[in-house]
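Below is one structure, written out as structure tokens, with a few remarks after it.
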Amino acid sequence: MAERIKLKSVDETKVKEGLGKLQREYNEKVKKLQEKLQEDVVDALPKEIQLDFTELVGDIYKVR
């Protein structure tokens with residue numbers, strides 16, 4: 001029984017480490033996409049609507 005518990009705790013640790021790694025990768029990809037959106041879209045918009053567009057994207061991201 002102790003062997004099973006030991007293996008289970010090791011497996012849980014590996015799972016948590018894996019999830020942490022996936023979360024970091026996800027956050028990094030989201031950041032890169034946000035930077036690309038800024039470069040490709042927002043910077044091309046007229047100055048007077050850039051803020052509105054940025055706020056809209058922020059609201060969409062929050063809802064997600």
request  = Using only the Cα atoms of region 2-63, each taken as one equal point scatterer with no solvent, compute I(q) by the Debye sum, divide by I(0), and report log10 of the ratio at q = 0.13, 0.21, 0.29 Å⁻¹.
outcome  = -0.55, -0.86, -1.12
request  = Give, in nm to one decimal, the length gained when the segment between residue 44 and residue 12 is fully stretched (0.36 nm per residue of separation minus the Cα-Cα distance).
outcome  = 6.8 nm
query = Cα-based count: Lys pairs in region 2-63 below 19 Å, eight or more positions apart or different chains?
reply = 11
message = Quick check: residue separation of residue 52 and residue 19 times 0.36 nm, minus the Cα distance between them. What number comes out in nm?
response = 8.4 nm
ask   = Put +1 on the Cβ of every Lys and Arg and -1 on every Asp and Glu Cβ in region 2-63; which of 38, 26, 50 then has its Cα farthest towards the positive end of the dipole?
value = 26
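Rule-based calculations on the coordinates, nothing more; no lab input. Please read these numbers as outputs of a predicted model, since none were measured by experiment. Glycine gets a Cβ as well: all are built from the backbone with ideal geometry, and neighbour counts include every protein chain shown.
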